[in-house]
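The values are calculated or read from the model by the stated rules, or taken from the named source; none is laboratory data. Not measured: the values here are computed from a predicted model. All Cβ positions, even for glycine, are placed from backbone atoms using ideal geometry, and neighbour counts span all protein chains on display.
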Amino acid sequence: LETKVVEAINGVKIPQLGFGVYKITKEEEFAKAISEAIRIGYRHFDTAKIYGNEEALGREIRNSQIPREQFFITSKVWNTDHGYEATKKAFEQTAKKLNIDYLDMYLIHFASPNYIESWKAMEELYLEGKIKVIGVANFEIQHLEELIKHSKIPPMINQIETHPEFPQNGLHTYLNNHQILHEAWGPLGQGNKTLLNHPELKKIANQYHKTVAQVILRWHLERGVIIIPKSSNPKRIQENSQIFDFELTGDDMEKIDQLNTGKRYSINPTGYIVNP
Ligand code: NAD
């Protein structure tokens, strides 16, 4: 699989295309999807404690017999594990479940209370070499400002809902200006039909003999955004990886920018306390 890498501020290389494992719940389906993704060449996987599949992901990585260093593994601190001690403990549990001794990336899942104390634990784990890239998810500008004000090491990445209907233009510019990477969750708008059947996107897709999903993923790449599309369908897993052999023009990008409706799936991060 051909993929580009983007560099975090500390020089760590992150494959720009990864694979999200949220809601692939059935054990058999999970093993099939992940082993297929690894076979195709995906090496970057995004999980979280709350997804309940860290152990299963660790198992597939080991079963692949590919050296661990060739993978880029992300997990996240859940809302109920905020605070210095709790975050340290959560990290140890996550590492144990994944059966690895370092994480490539560890993110604070939501800006729920006490994230400043959690960040202190993340900074220490980073300095000990147990996490290569530390960051956050679902943070808005005010949370980032608050975190930066109270930290020694600023967050290196923010994973946020991003797709053509909700491109996060304001936050995108803020992140660029602060050398914080932008990672998209829900890069395909969680597969919603309005987006995936959009006539404007279909027109662009036809020009390149690509699918609408591939055009959307390419739009993210052109913006410098890291993507982690999820699928458990082998055909789509492959399809989502074939996005490095074409480019969108400035004109295509502008057309896609017009699809911004402000429609988002996530609720306000500060209001998002325990259950996903
Ligand atoms: P997504 O945008 O990746 O959409 C996934 C859905 O799109 C699939 O279930 C399928 O229905 C459809 N799909 C996938 N490939 C397709 C294709 N080629 N053609 C047509 N339809 C296709 O949404 P997501 O799963 O919510 O997000 C991706 C990953 O982001 C998750 O798996 C998870 O790892 C992460 N995530 C993080 C947060 C967070 O709060 N940090 C929240 C949600 C998701």
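Numbers for the structure displayed
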| read-out | value |
| --- | --- |
| Total residues in the stretch 1-60, condition of a type in the set (A, V, I, L, M), farther than 30 Å from Glu247 by Cβ and within 14 Å of the ligand (Cβ to nearest atom) | 5 |
| Options Glu128, Glu69, Glu123: the member that is more than 15 Å from the ligand (Cβ to nearest atom), farther than 30 Å from Ser241 by Cα, free of Cβ contacts under 8 Å to residues at least 12 places away in the same chain and surrounded by fewer than 22 Cβ atoms within 10 Å (Cβ to Cβ) | Glu128 |
| Condition met for Ile243 (under 20 Å from Ala37 (Cα atoms) and in a loop (DSSP other than H, G, I, E, B)) | yes |
| Residue match in the stretch 96-104 (condition: without any contact (Cβ under 8 Å) to a residue 12 or more places away in the chain and under 26 Å from Glu28 (Cα atoms)) | yes |
| Yes/no for Leu196 being under 29 Å from Ile267 (Cβ atoms), buried (at least 22 other Cβ atoms within 10 Å of the Cβ) and modelled with pLDDT of 95 or more | no |
| Qualifying residues in the stretch 89-120 (those that are more than 23 Å from Ile34 (Cα to Cα) and of a type in the set (Ser, Thr, Tyr)) - the one surrounded by the fewest Cβ atoms within 10 Å (Cβ to Cβ) | Ser112 |
| Some residue of the stretch 223-231 being surrounded by fewer than 21 Cβ atoms within 10 Å (Cβ to Cβ), at pLDDT 95 or above, of a type outside the set (A, V, I, L, M, F, W, C) and within 8 Å of the ligand (Cβ to nearest atom) | yes |
| Spans of helices (runs of 4 or more DSSP H) in the stretch 184-226 with at least 3 residues within 19 Å of Asn158 (Cβ to Cβ) | 212-222 |
| Residues that are under 21 Å from Lys4 (Cα atoms) and outside any loop (DSSP other than H, G, I, E, B), drawn from the stretch 21-45 | Ile34, Glu36, Ala37, Ile38, Arg39, Ile40, His44, Phe45 |
| Verdict on Ala111 being touching a residue at least 60 places away in the same chain (Cβ under 8 Å), within 16 Å of the ligand (Cβ to nearest atom) and more than 19 Å from Gly20 (Cβ to Cβ) | yes |
| Contacts under 9 angstrom Cβ, first residue in the stretch 201-219 being touching a residue at least 12 places away in the same chain (Cβ under 8 Å), partner small (Gly, Ala, Ser) and buried (at least 22 other Cβ atoms within 10 Å of the Cβ), 6 or more apart | Ile216/Gly189 |
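Okay, residues lined up against (1) touching a residue at least 40 places away in the same chain (Cβ under 8 Å); (2) more than 8 Å from the ligand (Cβ to nearest atom); (3) over 30 Å from Glu123 (Cβ atoms):
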position: Asn177; (1), (2), (3): no, yes, no
position: Leu188; (1), (2), (3): yes, no, yes
position: Lys193; (1), (2), (3): no, yes, yes
position: Gln242; (1), (2), (3): no, yes, yes
